[in-house]
Structures are given as structure tokens and as C-alpha cells.
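To keep things clear, I will list the structure first and then write my remarks on it.
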Amino acid sequence: MQFKFFIYGQGSPAGVAFSATIYIDDVMLRNTPLIEFPPPSPMRALIDDFEGYADTAALLGFYTTINSPAATVTTPSLETPAPQGSKALDLAIDFASGQYPWGAVRSAAVSPFSLPTNAVVQCRFKGDPTLAPVADDGTSFWLSFYDQAGSGVNFTAPAATVTSSNWTTLKARYSDFWSGTIVDTGNLVQWRILVQGWTGTSSSPALSGTFYVDDIRITVPPVLAVVRQGSALQLLMNDLMPGTTYTLRQTTNFSQWTTTTFQATATSRTWPIPAGQKGFYQLYYTP
């Protein structure tokens, strides 16, 4: 087998040539992680739907405003109406001039929760067309999660999302998140919501925009399988989220469906398949 080592980076400002030296030692192959994390915590299905804040003051009691080193200013507030429920997060951002201006809010620390490898993170986002004339490959929306050591994983949505005036449902699988360090995704404790204005140049002018975020959730698609228990067949439903109401549909001809709803009390459940019956099953839930 082969190994490859490389260093990636850019000068300051970007584009300026630079040199660097890296040192590598003690390369090894392991069948266990070099850094052992504790067991994963339960999944947090609802990250934030912003319905639980009485007013903007309550929102600011949980979220902290953070900005790029330049003079960017972010003003968070609650917005009504919202695409889900009655409240959404409103981020009014005055982007500073120059390169890479961004504004963000970061949550307070919460009880540890996991991001399962089969999870899908979704949220609703509404951008601002004001940024369209200056949008480039640096114009992006970020959703990040942090572990107890402060290491984070990030999902980024491109400029077309940031400059759209329509509510968009964003979905990201575990593999869509990236990081420059090792992150304990089984024990996350914070999240950050960020909008970056542009890559730009040193002469890029200041600009303002307003962005909206709502209904941030972690979902896990259920998995179906047919198993035999004794002489009977059972429909095995795995990766259920306890407390979630699921809808099970079954048909033998795709023209007539039988529908049943149930609330999951465990991560798996079986359903009897009548002897001699051939059919098709569909299981879903509404986040």
C-alpha cells in the first residue's frame, strides 16, 4: 500500500506565495481509534424550532452573537410568521468590507447528543437577493456542531441558497459534514448558524442582508426488513426514534393501501405478516 502526505493552505492575504515545513513521525495502522471517545449519547431529534422563546430577549439568552474579525455586525431576533410554527430565527447581518466577512450565532451548551452516521440533518433557510451581485464561491450558509472539546463539524450550502428569497429545505447527510480535526460526533454539545457574505477582494464594499432559519432537526430514516420468527414472517422496523409517530402503509396491488399509525417506544419493532400474503410496505414519519 502507499501513503501520501500533503499540506494545503493559503497565504494572508489569499493568493500570496508562502512556504511551510511539516514534520511527520510514528505512522501506524490500527484497528481501533487512536483517540477513544466515550459511548455516544442519545440523538437530539429537535435541535431548535425557535418556538420556545417568548421574545428576542429570551433568544439572546441562549444564543451568543459571533462575527468575523472584521467589523461585521449580526443582530439576531425572532421572526413571525415562520414556515413551521409561528417563530423563526432572523439574522440581520451588516457585512464588513474586504474579504471573508461573516456573521453567526452560537448556542449555549446543552446535554450531549449524537449525530448518527445514518442521520439526516435538515433545516429551513431563506436568503437575501441583495447579495446576488457580489456572490462568489465564498457566499455560503454554515450549520456546525461542536463537541465538548470545541472541535466542530460543518455543513455548507452554496451561494444559490444564500441569495434566494424563497424558503428552502436544506438536507445534509452525515457524509456531507466536514471538519479539519477529529470530532466526537457521538457527544455534541453546541451548534452554530453562520452566513458568509463572499470571498471577495480587499476592495469589496460593505453590504447588508437579512436571513432566516427555522426548524433545525436530526432525523434517521427507518429501515425495513422481512425476517422469519419460527414459521411466521415478520416485518422488522429498525432505526426508529422513540416517541415519534410513524405511519405504516401496506398493499398487495398498489391500488389499495391499508394504513396504520403507531408511536415508537423503542428503536425497533416487528409487525406480523399474515401467512400466504404477498405485499409491499412503506414506513414514514413527519419530522
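Since every read-out is calculated from the coordinates, none of them should be taken as a lab result. Every value quoted in this text rests on a predicted model; they were computed, and no experiment measured them. Don't worry about glycine lacking a Cβ; one is built from the backbone with ideal geometry, like all the others, and counts go over all protein chains shown.
The table for this structure:
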| item | result |
| --- | --- |
| Kirkwood hydrodynamic radius over Cα pairs of region 138-207, then Stokes diffusion coefficient at 25 °C and 0.890 mPa s, in µm²/s | 180 µm²/s |
| R0 of 35 Å, Cβ-Cβ distance residue 64-residue 247: FRET efficiency to nearest 0.05 | 0.35 |
| Inter-centroid distance (Cα atoms) of region 186-209 relative to region 133-171, Å | 8 Å |
| Gain upon complete extension [residue 7, residue 109; 0.36 nm per residue less C-alpha separation] | 33.4 nm |
| Computed helical MRE - 222 nm, the chain, DSSP H runs ≥ 4 contributing -39500 (n - 2.57), nearest 500 | -1000 deg cm²/dmol |
| Positive minus negative residues near residue 78 (Lys, Arg vs Asp, Glu; Cβ under 11 Å) | -4 |
| Packing-based order for 144-152, 200-208, 260-268, using average beta carbon neighbours within 10 Å, highest first | 144-152, 200-208, 260-268 |
| Top of 198, 178, 271 by mean-square fluctuation, Gaussian network on the chain, Cα under 10 Å | 271 |
| Under Karplus coefficients 6.51, -1.76 and 1.60, residue-wise ³J(HN,Hα) of region 158-170 in Hz, glycine/proline x | x, 4, 4, 6, 5, 9, 8, 8, 9, 5, 10, 8, 9 |
| Semi-axis lengths (Å, descending) of the ellipsoid that matches the C-alpha gyration tensor of region 177-287 | 45, 18, 13 |
| Residues listed by number, region 168-187, amide nitrogen under 13 Å from residue 151 label point at 7 Å toward C-beta | 179-187 |
| GNM flexibility winner over the chain from 120, 73, 223 (Cα, springs under 10 Å) | 223 |
| Nitroxide proxy distance, nm - points 7 Å out along Cα→Cβ at residue 259 and residue 169 | 1.6 nm |
| Per-pair calculated FRET efficiency, R0 = 51 Å: residue 179 and residue 229 via Cβ, rounded to 0.05 | 0.75 |
| Overall Cα dimensions of region 77-160, principal axis frame, Å, largest first | 40, 32, 25 |
| Those lysines that a straight Cα-Cα span of less than 26 Å connects to residue 171, excepting residues fewer than 8 apart in one chain | 87, 126 |
| Inter-probe distance in nm under a simple model that places probes 7 Å from Cα toward Cβ, at residue 16 and residue 210 | 3.9 nm |
| J(HN,Hα) series, region 46-55, from Karplus relation 6.51 cos²θ - 1.76 cosθ + 1.60, nearest Hz, glycine and proline x | 9, 7, 6, 10, 6, 7, x, 9, 5, 7 |
| Modelled FRET efficiency - R0 41 Å, residue 57 with residue 275, Cβ distances, 0.05 increments | 0.10 |
| Distant-in-sequence amide H partners of residue 204 (H built 1.01 Å from N, under 5 Å) | 98 |
| 5 angstrom amide H check on residue 136, placed H, neighbours 5+ away | 199 |
| Rg and Dmax [Cα atoms of region 223-284; Å; Rg one decimal, Dmax integer] | 11.8, 33 |
